[in-house]
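Student: Take this structure first; my questions come after.
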Amino acid sequence: MKHRARQARSARTLAAQAGVGADRAYGAISAPIYPSAIYHYEKFGKHRGFDYSRAANPTRDALEKVLAQLEQGERAVAFSSGMAAVSAALGLFGPGDRILCSDDLYGGTYRLFERVLRPLGLVFDYVDMGDAARIEAAVRKRTKALFIETPTNPLMKIADLRGAAAVAKRHGLLTLVDNTFMSPALQRPILLGADLVIQSATKFLGGHNDLIGGAAIAADADLGERLLFIQKAVGAVPGAFDCWLLLRGIKTLHLRVARAQETAGLLAEFLAGNPFVARVHYPGLAGHPRRALHMAQADGPGSIISFELRKAAAVPDFLGALRTVLLAESLGGVESLITHPSTMTHADIPLEEQAAVGLTPALVRLSVGIEDADDLREDLEQALGRAFRGQRRKKS
Ligand SMILES: Cc1ncc(COP(=O)(O)O)c(C=O)c1O
């Protein structure tokens with residue numbers, strides 16, 4: 001079943017009407033939830049498009065259809081988590097194959113690559129994906145794919161998506177892009193030459209911190225078929241209710257992303273001017289080293305900001321003093337969340353490797369939600385003040 005948008009409809013319209021048309025029996029506007037594992041055959045050898053829900057499920061089918069449309073791909077394949085989507089994508093490769101990756105990656109992805117897949121024979125190389133010449137220089141004989149995050153988690157480094165895809169084409173590699181930080185509302189890597197896009201649907205697509213989900217979206221039908229086979233063979237599929245929650249979350253994707261991004265711009269400026277903050281990593285700030293590159297491939301800077309406090313020792317007091325921003329590990333939802341990557345999301349990356357890419361213990365990552373912007377700014381301001389006054393008291 002091909003899922004690419006056949007009509008030239010705006011992504012906002014497609015998202016708002018996610019799941020509309022899925023109910024062919026009664027025309028329900030909200031896609032029906034089919035919690036059935038199995039389907040009654042009409043007669044021997046003939047079913048109505050579904051036989052067993054690990055292979056296909058009507059609610060999941062409605063979700064996959066809209067995901068393919070939003071990412072402008074040919075086929076989307078939904079998974080039970082973002083990590084299940086990443087590991088399914090890596091299932092396209094085998095022992096001895098090398099994957100050239102962004103040198104700053106979500107800690108769970110690094111853990112999968114180094115602790116699960118490397119022992120099985122895959123080899124991972126890491127490079128700064130911001131410069132096509134550097135990427136080209138890092139391609140080796142057995143390199144089979146690029147695996148890119150942009151902006152990266154958590155340092156907000158920007159990859160050159162067009163340049164990377166061009167290098168990949170020249171060398172016959174696949175370009176895989178984890179588009180979680182931007183969501184399809186802000187960046188569509190397939191239009192820039194990527195072969196496969198991965199989403200942790202737990203984040204912006206779901207948007208409400210109430211589900212774990214993932215998706216891989218293929219630019220062409222062949223790759224889509226290979227992923228569908230892996231989905232069925234491995235079986236890391238989302239349940240029908242989670243697919244429905246995702247369909248509902250997607251309806252407000254663009255509104256949520258726009259609102260959070262507007263607030264993130266204000267907060268990034270505030271943080272950049274705060275005396276207790278040493279450095280802010282946000283591609284919307286004039287000082288971000290690859291702002292122009294980012295804005296040439298995305299529709300906006302998004303709503304994730306990472307920043308370094310002047311002193312790593314102040315981090316626990318700062319996080320403890322926040323009242324509105326919640327200390328929790330995720331991102332992309334309606335609630336503003338903050339994490340300490342070094343000890344939380346990226347704790348499985350050895351400290352020397354964290355240091356080598358610039359991930360310091362002074363760094364925190366803020367995912368801006370849709371709350372009132374003044375409430376968030378005041379909360380950050382009071383918590384920074386309290387943390388650093390506390391530091392002074394400890395010294396004296
Ligand atoms: C960039 C990125 N990719 C993938 C994942 C994994 O997604 P999940 O937690 O849904 O398995 C995460 C989770 O934080 C992430 O930040």
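The values are calculated or read from the model by the stated rules, or taken from the named source; none is laboratory data. On a predicted model such as this, the values are computed, not experimentally measured, just so you know. FYI the Cβ positions are ideal-geometry reconstructions off the backbone, even for glycines, and counts take in every protein chain you see.
Student: Can you tell me which residue within segment 216-242, out of those that are in contact with a Gly (Cβ under 8 Å, 6 or more places away or on another chain) and assigned to a helix (DSSP H, G or I), is nearest to the ligand (Cβ to nearest atom)?
Tutor: Step by step, filter segment 216-242, then rank; the result is D242.
Student: Evaluate the following for G213: is it within 25 Å of P32 (Cβ to Cβ) and within 13 Å of the ligand (Cβ to nearest atom)?
Tutor: Spelling it out, G213 is indeed within 25 Å of P32 (Cβ to Cβ) and within 13 Å of the ligand (Cβ to nearest atom).
Student: Going through A133, A138 one at a time, which residue ends up being in contact with a helix residue (DSSP H, G or I) (Cβ under 9 Å, 6 or more places away or on another chain), more than 22 Å from S80 (Cα to Cα) and surrounded by fewer than 24 Cβ atoms within 10 Å (Cβ to Cβ)?
Tutor: A133
Student: Here's another thing I want to ask about it. Checking the conditions here, which among G369, G302, G333 is surrounded by 15 or more Cβ atoms within 10 Å (Cβ to Cβ) and at positive phi?
Tutor: The conditions single out G302.
Student: Sort out which residues of segment 169-188 are without any contact (Cβ under 8 Å) to a residue 40 or more places away in the chain and crowded, with 23+ Cβ neighbours inside 10 Å, and write them in order of number.
Tutor: T175, V177
Student: Look at segment 253-263 and say how many of its residues are farther than 28 Å from S87 by Cβ and touching a Gly at 6+ places or on another chain (Cβ under 7 Å).
Tutor: The number of residues fulfilling the criteria is 2.
Student: Given Y26, Y41, which one is surrounded by fewer than 19 Cβ atoms within 10 Å (Cβ to Cβ) and either in contact with a His (Cβ under 9 Å, 6 or more places away or on another chain) or within 30 Å of R365 (Cα to Cα) (or both)?
Tutor: Sole residue among the options that is surrounded by fewer than 19 Cβ atoms within 10 Å (Cβ to Cβ) and either in contact with a His (Cβ under 9 Å, 6 or more places away or on another chain) or within 30 Å of R365 (Cα to Cα) (or both): Y41.
Student: If you don't mind, another one. I'm told V234 meets every condition in (1) out of contact with any helix residue (DSSP H, G or I) (no Cβ under 7 Å at 6 or more places or on another chain); (2) in contact (Cβ under 8 Å) with a residue 24 or more places away in the chain; (3) surrounded by fewer than 16 Cβ atoms within 10 Å (Cβ to Cβ) except one. Can you identify the failing condition by its number?
Tutor: (1)
Student: Please work out if D160 is in contact with a Lys or Arg (Cβ under 7 Å, 6 or more places away or on another chain) and under 19 Å from R290 (Cα atoms).
Tutor: In short, no.
Student: I would also like to ask the following. With respect to the numbered conditions (1) buried (at least 16 other Cβ atoms within 10 Å of the Cβ); (2) not assigned by TED's automatic domain parsing to the domain that holds E335, which one is the sole condition not fulfilled by D220?
Tutor: Among (1) buried (at least 16 other Cβ atoms within 10 Å of the Cβ); (2) not assigned by TED's automatic domain parsing to the domain that holds E335, the lone unmet condition for D220 is (1).
Student: Only one of (1) more than 24 Å from L173 (Cα to Cα); (2) more than 10 Å from the ligand (Cβ to nearest atom) fails for K203. Which number is that?
Tutor: In the conditions (1) more than 24 Å from L173 (Cα to Cα); (2) more than 10 Å from the ligand (Cβ to nearest atom), K203 misses (2) alone.
Student: In the list S396, S306, which residue meets the criterion of being within 15 Å of N274 (Cβ to Cβ) and polar (S, T, N, Q)?
Tutor: S306
Student: While we're on this one: Find all pairs meeting these conditions: Cβ atoms under 8 angstrom apart; at least six residues apart or on different chains; first residue within segment 214-226 and farther than 14 Å from I190 by Cβ and touching a residue at least 12 places away in the same chain (Cβ under 8 Å); second residue away from the ligand (no atom under 14 Å from the Cβ) and charged (D, E, K, R).
Tutor: From segment 214-226, the pairs are E225/R75.
Each row is one residue, and each column tells you yes or no for (1) under 24 Å from I304 (Cα atoms); (2) crowded, with 24+ Cβ neighbours inside 10 Å; (3) not aromatic (F, W, Y).
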position: G73; (1), (2), (3): no, yes, yes
position: S81; (1), (2), (3): yes, no, yes
position: S87; (1), (2), (3): no, no, yes
position: G94; (1), (2), (3): no, no, yes
position: D97; (1), (2), (3): no, no, yes
position: R111; (1), (2), (3): yes, no, yes
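Student: Also, I was wondering about something else. So how many residues does segment 165-199 have that are within 22 Å of G108 (Cα to Cα) and either of a type in the set (K, R) or part of a helix (DSSP H, G or I) (or both)?
Tutor: Residues meeting the conditions: 1.
Student: Conditions first: (1) in a helix (DSSP H, G or I); (2) surrounded by fewer than 18 Cβ atoms within 10 Å (Cβ to Cβ). H208 passes all but one, so which condition is the exception?
Tutor: (1)
Student: Can you list residue pairs whose Cβ atoms sit under 7 Å apart, with the first residue in segment 86-102 being assigned by TED's automatic domain parsing to the domain that holds V237 and the second being of a type in the set (G, A, S) and assigned to a strand (DSSP E or B)? Count only pairs 6 or more apart in sequence or on different chains.
Tutor: Taking only residues 6 or more apart or on different chains, the pairs are A88/A216; A89/A216; F93/A145; I99/A145.
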